[in-house]
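Below is one structure; the comments refer to it alone.
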Amino acid sequence: MPGFDLHGARRPSRTLHCVGGKAVNFARVLRRLGHEARVLGISAGHAGRFMEESLDAEGIPHRMIRAPRGESRLATTIMDPATGVHTEVNEAGPTIDADVVGGALEAFGEMLPGSRYCVIAGSAPPGAPDDIYARMIATCHEHGVPVMLDASRNWLLGAAGAGPTVLKPNEKELGTLLGRQVDGAADAAEAAKELACQHIDTVLVTLGEEGAVGVTANECLRVHMAEPPEILSAVASGDAFAAGYVAGLLEGRHLSGRLALAAACGTANAQVFGPGYIEREDAEILLDRIVVGPLGLASDGDVS
Ligand SMILES: Nc1ncnc2c1ncn2[C@@H]1O[C@H](COP(=O)(O)OP(=O)(O)OP(=O)(O)O)[C@@H](O)[C@H]1O
Ligand SMILES: [Mg+2]
């Protein structure tokens, strides 16, 4: 893999150049869990070529729509191994025009038939219309393909109302959506319940080291580690969580089993250096230490 040494990556004392972004991280984890995944994206310039070559080398199938100008965005994470503090510097990416948007939507429509699941993750490049994810969710519904939305800011606000099958915000993103601060598992579950009773089947709220809640119209579960694990970097743990959830679903697990595998993947990711470079074995070892149980809601007249 160009510029990447997985063994060295476990020793956090070097520079790591690798392809990331939420969709790529998600596909990487899903494939490492033993499932197929393809990435649709937009690439531009030399950085885009590096991205395509790196995905080829890693064996992640992809379809990239080339933007004629600009460079794919570089995201730089500077980690201080002594303190665990991360500093992220994210470029905006190339500005795209209507042709590129049209090409991406057309490719999306071609890739959906025959797919068992779709995940729309991260932000679209500048120039993409605010409703692009809402349109993609509508296309998923037309094809009968379940769809998860994992986005933030305007991309989340523009698409949550389109009724993704699963919404995966973290605490902050859920707060953005509801226009208020969300604080802790019980509060997150109450807020998620409102959405799950409207037009979204399942809301998964990730809470970092506090685990996550999974809420449907009929169930409300909390997942967390019995004891806090040692961690290295939680960058992309949300993407690993999402991939673990979808893997659990493809394997026929119920909500509790999906949440357990999701949290195991999120935590396993926090124990390695590099986004999504986990082994299924490492996630499965963590399963023994993961607790999933019902979380009573005040709105159900039963607080726990
Ligand atoms: N410090 C940690 N200790 C244990 N598990 C963790 C830790 N951080 C994350 N996880 C696991 O990973 C899951 C997802 O992490 P997190 O809540 O940080 O997602 P996120 O904010 O969406 O991340 P991302 O930056 O990838 O978007 C959590 O629900 C938890 O199961
Ligand atoms: Mg996230």
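Here are a few things to note about the model shown:
- Each of Ser152 and Glu227 was given a label point 7 Å from its Cα along the Cα-to-Cβ line. The distance between the two points is 3.2 nm.
- Relative packing of 217-225, 111-119, which averages over residues the other C-beta atoms within 10 Å, highest first: 217-225, 111-119
- Positive contributions from Lys and Arg (+1) and negative ones from Asp and Glu (-1), summed over other residues with Cβ under 10 Å from the Cβ of Gln181, come out at -1.
- Net dipole in debye of the stretch 16-119 [+1 Lys, Arg Cβ; -1 Asp, Glu Cβ; about Cα centre; nearest 20]: 300 debye
- Alpha-carbon centroid distance for the pair the stretch 73-145 / the stretch 166-242, whole angstrom: 21 Å
- Share, in percent, of DSSP beta bridges within the stretch 165-286 that are antiparallel, nearest 5: 75 percent
- Dipole magnitude of the stretch 15-296, debye to nearest 20 (Cβ charges: Lys/Arg +1, Asp/Glu -1, about Cα centre): 400 debye
- Computed extension gain for Asp56 through Glu251, at 0.36 nm per residue and net of the alpha carbon distance, reaches 67.6 nm.
- Here is how the number arises for the chain: DSSP H runs of 4 or more residues each give -39500 (n - 2.57), the sum is divided by the residue count, and the result at 222 nm is -12000 deg cm²/dmol.
- Given R0 = 22 Å, the distance between the Cβ atoms of Glu110 and Glu36 translates into a calculated FRET efficiency of 0.85.
- Rg(Cα)/(2.2 N^0.38 Å) for the stretch 15-296, N = residue count: 0.95
- Sites Thr15 and His46, calculated FRET efficiency, Cβ-Cβ separation with R0 22 Å, nearest 0.05: 0.75
- Of all DSSP-defined beta bridges confined to the chain, some 55% are antiparallel rather than parallel.
- Partner aspartates and glutamates whose Cα lies under 17 Å from the Cα of Lys168, excluding those fewer than 8 positions away in the same chain, are identified as Asp150, Asp183, Asp187, Glu190, Glu194, Asp201, Glu209, Glu210, Glu219, Asp239.
- Antiparallel DSSP beta bridges within the stretch 11-143, as percent of all bridges there, nearest 5: 50 percent
- Residue order, fewest to most surrounding Cβ atoms within 10 angstrom, among Ser43, Ser152: Ser152, Ser43
- When only Cα pairs below 8 angstrom with a gap of at least 6 residues are kept, the chain shows a relative contact order of 15 percent.
Since every read-out is calculated from the coordinates, none of them should be taken as a lab result. All values reported here derive from a predicted model rather than from experimental measurement. Cβ: placed from backbone, ideal geometry, glycine included. Neighbour counts: every protein chain shown.
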